[in-house]
1. Just to be sure I follow: if Rg is taken over the C-alpha atoms of the stretch 227-290 and Rh is the Kirkwood radius over the same atoms, what is Rg/Rh?
2. Have a look at the stretch 179-255 and give its Rg and Dmax from the Cα atoms, expressed in angstrom.
3. Name the shape class, rounded, prolate or oblate, that the alpha-carbon gyration tensor gives for the stretch 141-195, where a ≥ b ≥ c are the square roots of its eigenvalues, rounded holds for a/c under 1.5, and otherwise prolate holds if a/b is larger than b/c and oblate otherwise.
4. Given a 1.4 Å probe and heavy atoms of the protein chains only, how would you sort GLU222, GLU41, largest accessible area at the top?
5. Would you mind getting the Kirkwood hydrodynamic radius of the stretch 125-229 from its Cα pairs, rounded to one decimal in Å?
6. Within the stretch 195-231, report the trypsin sites (Lys or Arg not before Pro) that DSSP leaves as loop and that have at most 15 other Cβ atoms within 10 Å.
7. Taking the Cα atoms of the stretch 251-317, report the difference between the largest and smallest coordinate on each principal axis, in whole Å and largest first.
8. Please compute the modelled spin-label separation between LYS160 and GLN147, points set 7 Å along Cα→Cβ, answer in nm with one decimal.
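The values are calculated or read from the model by the stated rules, or taken from the named source; none is laboratory data. Worth saying up front: this structure is predicted, and the values here are computed from it rather than measured. Counting neighbours? That spans all protein chains shown, and the Cβs are built from the backbone with ideal geometry, glycine included. Just so you know, the surface numbers come from the protein's heavy atoms only, side chains and all, with ligands and any DNA or RNA stripped out. Shrake-Rupley method; radii C 1.70, N 1.55, O 1.52, S 1.80 Å.
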Amino acid sequence: ASDVSVLWLPLPRSLLTCRTAEPLEYHRSFLKENCRPDGRELTEFRTTTLNIGETSPQCVSVCEVSVTYIGFFILFPCLGSISTADGSALVKLGNTTIICGIKAELANPTVEAPGKGYIVPNVDLPPLCSSRFRPGPPGEEAQAASQFIADVIESSEVIKTEDLSIDRGKLCWVLYCDLMCLDYDGNILDACVIALLAALKNTRLPEVTINKETSAPEVNLEKRRELQIHKHLVSASFCIFDDSILIADPTAEEETLSTAHLTVVTDEDDRLCSVHKPGGTSLSGERLQECISRATTRQREIQKLIDKVAHSVKKAQ
């Protein structure tokens, strides 16, 4: 065997800064080199993994892997996530893991909107996903995330509530969209939006007819229809470091150290559906336009991902 010589090069002093004692300085040492501690570039998104439908032991391998500036997209054409739900999806964005289950129930429409149904989203951040969360009622972050999802659904019209009406003024569908975080490592809003859209595309509503004699609803579980998705919305989140450095898809640690957060939601027509910025450092018009531009690119990639996985699931069924 030949001799192998190993040359040890001294690390720059900045890289030896203790991550625990001075996390901000630790991150700055990477950012000034236009990279991040996990090896990503500043505008790069983490690996995105998607699973749609019902779980099956036969679900297998990766059907496509594509690499772009926003990271790796891994498509798993599995047959599901929650077998008891009417629609479901599981998304991993780096280590952040969100599972979405959609349950459809019959309800009476409101007097104000007799020809519409309901969509009720709820984001749950349980202690099992991170030690930062405690048992008990939903915390501030979970409530803010639920409200964000509700606002996005309403502003984008991803599903028109008129489509959920069964018998005007008498009967409609209510969709309970429960999003639970299984592993928290930042940027839950992007993961929630992807999981919600994928689960909605996977949702099948049973046929409902009204018995003319008894006026009672009759549900046929053997006949189901897909929901009509009117807009394919996708969000892209960013953080600002030191009031100047823009990074995409922040981890939990990066979110804690940043001076501002921004989430941009766009659809397939490049229409701006929502801009969510909860305080922090102000953004110039140029920086905001940069975020919107990156968000539209992200939307096209994620829509392609969801469509391909959904197509694989249909072929496997």
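1. That ratio equals 1.04.
2. For the stretch 179-255, the Cα radius of gyration and maximum Cα-Cα distance read 20.5, 69 Å.
3. On the way: a/c = 2.98, a/b = 2.38, b/c = 1.25.
Here the stretch 141-195 falls in the prolate category.
4. Reading off the accessible areas and sorting them downward yields GLU222, GLU41.
5. Here the Kirkwood hydrodynamic radius works out to 16.2 Å.
6. On the way: sites: LYS201, ARG204, LYS212, LYS223, ARG224, ARG225, LYS231; in loops: LYS212, LYS231.
Sparse-neighbourhood loop trypsin sites (Lys or Arg not before Pro): LYS212.
7. Rounded to whole Å, the extents work out to 49, 29, 15 Å.
8. Placing both labels 7 Å along Cα→Cβ, they lie 3.0 nm apart.
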